[in-house]
Amino acid sequence: MNLSISKLVLVLLGLSFIPSLYADTSDNCTPNGYPINKVIKVEKNLQKSLKDHNIELFAEQFQYPFVVNLSNHKKRIIKTKQELINNFTLIYNQQEINEIITDKEINHPLCRYDGAMIFGGLWLNTDKNNNIKAYVINAQKNSTLPASEPTGIAVEPIKDLKTLERFADLYNHSDTGVKKNIGKRLKVNPKWNDEDKPNIVGDYTAYLLYFVDINNDGKKEWVLFFPCDGSMCTSGIAAVYQVNGQSLHPLSIDQTLTDYLFASTPFITKEKGKILLNFDNSDPAEVCSYLWVGDKVSLVHGSPTICGHE
């Protein structure tokens, strides 16, 4: 969706805050305070690079690493300028390139507190040197760029309807302390029981269900995972339960695992006999994999200077 269409949608919805989102004749990109002339300079450099077929210049407008958001909630971490140059044609096709070159909204970026969006899906913010650089590309559905994959073998969510119904029954007959932040009842929706679509519905959102030894203690636990919640489509662990007779007992989840806004795909993997939990650190971009053993959660893959510091 280009910016002119975005504005039209907002007008049709009757929203009154368009002036606060879009830069006008002021010197700053409200509300993040970026100098508007520097934002526009990046836009012009991107347009010029594509018009001149200068992918080197295009790649210079980014901070590294950065993330490419793909379809189906998958992501690709681009770690170097050369990696972007090598994969450019997998991210953009000629039609999309032409749309960027001919975009007429160059003086009106979409401004938010956490960045500025240009060309309908490319986000800018400041790097460690306070330079304005691109740090997110929201790729179109026809992008053929492969996603970044966590290490290990993917652990699949439960799709067997009888198992799903058995868990929902256990949940529904448990006391209210089990149901914090989830809701009074869970129900199974068999129509969603396909690929990575949620298959258990609560009061607030829908979930995928895993039965896996999440804390590597030799016993399997039930794990409720939300794959896409709210307007930002955040994802992560909603709850972890052990079975206690005919009821569920919730386990405490380390804050390290709940601070992330986005889980990787696949979220749970198995490597060398251990269960790993994988998250996408968005800024800076990195896939971060954690091992939960007992009361301790430790980072096993990903940079310790990046993971957990978005």
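The values are calculated or read from the model by the stated rules, or taken from the named source; none is laboratory data. Just so you know, these numbers come straight off a predicted model, no measurement behind them. For neighbour counting, all protein chains shown are included, and Cβ atoms are generated from backbone atoms with ideal geometry for every residue, glycine included.
Report yes if Leu291 is within 18 Å of the chain's Cα centre (by Cα) and crowded, with 16+ Cβ neighbours inside 10 Å, otherwise no. Break it down into steps so the answer makes sense when it comes.
Numbers: within 18 Å of the chain's Cα centre (by Cα): no; crowded, with 16+ Cβ neighbours inside 10 Å: yes.
When the stated conditions are applied, Leu291 does not pass them.
Looking at segment 113-125, is at least one residue hydrophobic (A, V, I, L, M, F, W, C), in contact with a Cys (Cβ under 7 Å, 6 or more places away or on another chain), crowded, with 20+ Cβ neighbours inside 10 Å and in contact (Cβ under 8 Å) with a residue 24 or more places away in the chain? Yes, segment 113-125 contains at least one residue that is hydrophobic (A, V, I, L, M, F, W, C), in contact with a Cys (Cβ under 7 Å, 6 or more places away or on another chain), crowded, with 20+ Cβ neighbours inside 10 Å and in contact (Cβ under 8 Å) with a residue 24 or more places away in the chain. Would it be correct to say that Tyr204 is closer than 22 Å to Thr234 by Cβ, among the hydroxyl-bearing types (Ser, Thr, Tyr) and in the same structural domain as Ser247 (by TED's automatic domain parsing)? Yes; evaluated as a whole, the condition is true for this residue.
Residues checked against (1) modelled with pLDDT under 90; (2) among the hydrophobic types (A, V, I, L, M, F, W, C); (3) within 16 Å of Arg166 (Cβ to Cβ):
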{"position": "Val178", "(1), (2), (3)": "yes, yes, yes"}
{"position": "Ile182", "(1), (2), (3)": "yes, yes, no"}
{"position": "Asp196", "(1), (2), (3)": "yes, no, no"}
{"position": "Glu221", "(1), (2), (3)": "no, no, yes"}
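Within segment 73-99, the set of residues being in a helix (DSSP H, G or I) and closer than 16 Å to Phe62 by Cα comprises Lys81, Gln82, Glu83, Leu84, Ile85, Asn86, Asn87, Phe88, Ile91.
The criterion of at least 1 residues that are out of contact with any Leu (no Cβ under 6 Å at 6 or more places or on another chain) and of a type in the set (Asp, Glu) is met, among strands (runs of 3 or more DSSP E) falling completely within segment 208-310, by 221-229, 263-271, 274-282, 285-293.
Any residue at all in segment 13-36 that's modelled with pLDDT under 50, outside any helix (DSSP H, G or I), on the phi > 0 side of the Ramachandran plot and not charged (D, E, K, R)? Checked segment 13-36: at least one residue is modelled with pLDDT under 50, outside any helix (DSSP H, G or I), on the phi > 0 side of the Ramachandran plot and not charged (D, E, K, R). Taking the conditions exactly as written (in contact with a Pro (Cβ under 8 Å, 6 or more places away or on another chain), assigned by TED's automatic domain parsing to the domain that holds Glu286 and surrounded by fewer than 16 Cβ atoms within 10 Å (Cβ to Cβ)), does Gly218 satisfy them or not? Considered against the rule, which asks whether it is in contact with a Pro (Cβ under 8 Å, 6 or more places away or on another chain), assigned by TED's automatic domain parsing to the domain that holds Glu286 and surrounded by fewer than 16 Cβ atoms within 10 Å (Cβ to Cβ), Gly218 comes out as no.
Could we say that Pro157 is surrounded by 22 or more Cβ atoms within 10 Å (Cβ to Cβ) and not in a strand (DSSP E or B) here? Yes.
Whether any residue in segment 54-62 is farther than 17 Å from Ser148 by Cβ, in contact (Cβ under 8 Å) with a residue 40 or more places away in the chain and not hydrophobic (A, V, I, L, M, F, W, C) is what I want to check. Yes - at least one qualifying residue is present in segment 54-62. The set of residues in segment 271-300 that are in contact (Cβ under 8 Å) with a residue 60 or more places away in the chain and either outside the structural domain of Thr258 (by TED's automatic domain parsing) or under 11 Å from Ile77 (Cβ atoms) (or both) comprises Asp280, Ser282, Pro284, Ala285, Glu286, Val287. Just one of the listed residues (Ser143, Ser148) is of a type in the set (S, T, N, Q), touching a helix residue (DSSP H, G or I) at 6+ places or on another chain (Cβ under 9 Å) and not assigned by TED's automatic domain parsing to the domain that holds Glu43, namely Ser143.
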